[in-house]
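Undergrad: Please find one structure pasted underneath; my questions will follow.
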Amino acid sequence: MTQASICTIGDEILIGQITDTNSSGISRILESIGIKVTRMLSIGDDRNEIIANLRNELANNDIVICTGGLGPTKDDITKAALSKLSGSERLVMNGKQSDIITNILHSRGLDSLEINKKQALVPEKCEVIPNKLGTAPIMIFRSSCQDGSHCATLYSLPGVPHEAIGAMPDIINDISEHYPLSDIYHKSVMTFGMAESLLSEKIESWENDLPEDIHLAYLPNQLTGVRLRLSIYGGKKETEEQRIDKEIAKLQGILGNTIYSLEDDTLENTVGRLLKKAGKTLSAAESCTGGKISELVTSVPGASEYYLGSVTSYAIKIKERILGVPEKTISEHGVVSSEVAAAMAEGVRRITGSDYSVSTTGLAGPSGDEWNPVGTVWIGVCGPNGTTTVKKNYKNDRKRNIERFAAAALNTLRIVIGTDIND
């Protein structure tokens, strides 16, 4: 199988000044044509470091794609490093890129300066794909394949994200002409409500019995749960799809309702599909989540078909005056309690006239109270068949607790609606 490494060049990435989005975008494109990405590497603006790292990546991969360091200023040194790496003794002017640079500058009302023209200079031992979206050319360096030695191709792309990703169709065409491509098949199983360690223990026997060529990865996320990704590299997609589906059927028998989707999905998408399928509507009453549930639900296109609205009842008086939570309920049970969560869900369902409602009341942090530790949340779900409350405890910082509270509320809602639909 053809293997690739992706390298980003620039101190600005290493110091966290900018976020590297190029690597993930390029990786997704390579995976889609059957190229396995083995490594992602960030390299600082040091010529010797660039040369040493790229030489190592070329020795261990068929393809290396690097981005960045091709600007007009003196601190952009990738081209000089690539000249040294390729054994080029001089730079030559690429006429097509020079014309593009002139046209881009003139379209912006700018004169073409000497520093800009120099961007069209490239090492003599490279092939050039003109960059139609910017001033830095796309360079290709092919290593010798004589005497059975390892041969690889290095593609140097601009660091500007829309230029780097915009160059990929040309890169893919070139790769297709020089390397054999094979299928890569991935299948995701979305789970929620079981920690990664517990999930691993639960499916240990199933995992041990997987065929050797089926690879399993655990990908946890506080908003979506643990995604189980099954992958097969090589082979034919149709055959491998059947094999993985067979293993997933076994997994469903073990995990049951812990699985909420058999594709790369989110809880808010899943809840939305259930509501649309049942022709039902939803509302929310949020305290500790401060609107996070509403934000997630309304992030789904078409949510207006089933989502009516919410009340962010952060203060006790809003819980009492707007949602109708009895003062006695709060005084007897505390604001963070099953009784208050239930009353909040029932109150917002009554106000909005929705079929289902969800509520949260808890302590996201940084402090708890004498009855509840930080990370405690009570979730209420009210529907046609009554009210359900669930208590959860998390041990995270405030931001992550809020996210976990909201996700747990959506998951509780998913289970209730799913049970109602299937009964």
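The values are calculated or read from the model by the stated rules, or taken from the named source; none is laboratory data. Bear in mind that the values here come from a model prediction, so they are computed numbers and not experimental data. Cβ atoms come from the backbone with ideal geometry, glycine included; neighbour counts cover every protein chain shown.
Undergrad: Report, ordered by the first and then the second residue, all pairs with beta carbons closer than 8 Å, sequence separation of six or more or different chains, a first member in the stretch 217-239 that is touching a residue at least 60 places away in the same chain (Cβ under 8 Å) and in the same structural domain as MET190 (by TED's automatic domain parsing), and a second member that is among the β-branched types (Val, Ile, Thr) and surrounded by 14 or more Cβ atoms within 10 Å (Cβ to Cβ).
TA: Between residues of the stretch 217-239 that are touching a residue at least 60 places away in the same chain (Cβ under 8 Å) and in the same structural domain as MET190 (by TED's automatic domain parsing) and residues that are among the β-branched types (Val, Ile, Thr) and surrounded by 14 or more Cβ atoms within 10 Å (Cβ to Cβ), the close pairs are LEU223/THR266; THR224/THR266; GLY225/THR191; TYR233/ILE184; GLY234/ILE184.
Undergrad: Any chance you could count how many residues in the stretch 4-24 are in contact with a helix residue (DSSP H, G or I) (Cβ under 8 Å, 6 or more places away or on another chain) and either buried (at least 17 other Cβ atoms within 10 Å of the Cβ) or basic (Lys, Arg) (or both)?
TA: Number of matching residues: 8.
Undergrad: Do any strands (runs of 3 or more DSSP E) lying entirely in the stretch 280-372 carry at least 1 residues that are surrounded by 24 or more Cβ atoms within 10 Å (Cβ to Cβ), assigned by TED's automatic domain parsing to the domain that holds ILE415 and hydrophobic (A, V, I, L, M, F, W, C), and which ones are they?
TA: 282-286, 356-362
Undergrad: Let me ask another. Tell me whether the stretch 385-400 contains one or more residues that are without any contact (Cβ under 8 Å) to a residue 60 or more places away in the chain and of a type in the set (A, V, I, L, M).
TA: yes
Undergrad: Give me the residue from the stretch 216-239 that is among the aliphatic types (A, V, I, L, M) and surrounded by fewer than 15 Cβ atoms within 10 Å (Cβ to Cβ) and, out of that set, farthest from TYR394 (Cα to Cα). Break it down into steps so the answer makes sense when it comes.
TA: Within the stretch 216-239, the subset among the aliphatic types (A, V, I, L, M) is 216-217, 219, 223, 226, 228, 230, 232.
From what's left, surrounded by fewer than 15 Cβ atoms within 10 Å (Cβ to Cβ): 217, 219.
Working: ALA217: 24, LEU219: 19 Å.
Top of the filtered list is ALA217.
Undergrad: Something else about it: Taking helices (runs of 4 or more DSSP H) that fall entirely within the stretch 160-270, which contain at least 2 residues that are within 23 Å of the chain's Cα centre (by Cα)?
TA: 161-178, 196-202, 237-255
Undergrad: While we're here: Of the residues that sit in the stretch 401-423 and are of a type in the set (Asp, Glu) and in contact (Cβ under 8 Å) with a residue 60 or more places away in the chain, which one is nearest to LYS280 (Cα to Cα)?
TA: Ranking the qualifying residues of the stretch 401-423, first place goes to ASP420.
Undergrad: With respect to LYS118, determine if the residue is among the basic types (Lys, Arg), in a loop (DSSP other than H, G, I, E, B), out of contact with any Gly (no Cβ under 7 Å at 6 or more places or on another chain) and surrounded by fewer than 20 Cβ atoms within 10 Å (Cβ to Cβ). Write out each step before concluding.
TA: Numbers: among the basic types (Lys, Arg): yes; in a loop (DSSP other than H, G, I, E, B): no; out of contact with any Gly (no Cβ under 7 Å at 6 or more places or on another chain): yes; surrounded by fewer than 20 Cβ atoms within 10 Å (Cβ to Cβ): yes.
Taking the combined requirement at face value, the residue does not satisfy it.
Undergrad: Pairs under 7 Å by beta carbon, first residue farther than 21 Å from SER357 by Cα in the stretch 323-342, partner buried (at least 22 other Cβ atoms within 10 Å of the Cβ), six or more apart or different chains?
TA: Correct list of pairs: HIS333/VAL340.
Undergrad: Can you tell me which residues in the stretch 109-157 are at pLDDT below 85 and within 35 Å of the chain's Cα centre (by Cα)?
TA: GLN119, SER143, HIS150, CYS151
Undergrad: Just to be sure, is ASP45 buried (at least 17 other Cβ atoms within 10 Å of the Cβ) and of a type in the set (Asp, Glu)?
TA: Answer is yes for this residue.
Undergrad: Let me ask something else about it. Is one or more of the residues making up the stretch 377-387 assigned by TED's automatic domain parsing to the domain that holds GLY309, in a helix (DSSP H, G or I) and touching a helix residue (DSSP H, G or I) at 6+ places or on another chain (Cβ under 6 Å)?
TA: no
Undergrad: Further question: Can you name the residue in the stretch 199-215 that is farther than 11 Å from ILE254 by Cβ and modelled with pLDDT of 95 or more and, of all such residues, is surrounded by the fewest Cβ atoms within 10 Å (Cβ to Cβ)?
TA: The extreme case among them is ASN208.
Undergrad: Tell me which of these VAL37 doesn't satisfy, since it passes every other one: (1) surrounded by 23 or more Cβ atoms within 10 Å (Cβ to Cβ); (2) touching a strand residue (DSSP E or B) at 6+ places or on another chain (Cβ under 8 Å).
TA: (1)
Undergrad: To continue, here is another question. Hey, among the residues in the stretch 388-423 that are among the basic types (Lys, Arg) and either outside the structural domain of THR361 (by TED's automatic domain parsing) or not in a strand (DSSP E or B) (or both), which one's farthest from GLN222 (Cα to Cα)? Spell out how you get there, then give the answer.
TA: Taking the stretch 388-423 as the starting set, the residues that turn out to be among the basic types (Lys, Arg) are 391-392, 395, 398-400, 404, 414.
Then drop every residue that is not either outside the structural domain of THR361 (by TED's automatic domain parsing) or not in a strand (DSSP E or B) (or both), which leaves 395, 398-400, 404, 414.
On the way: LYS395: 12, ARG398: 13, LYS399: 11, ARG400: 7, ARG404: 6, ARG414: 16 Å.
Per the criteria, the residue is ARG414.
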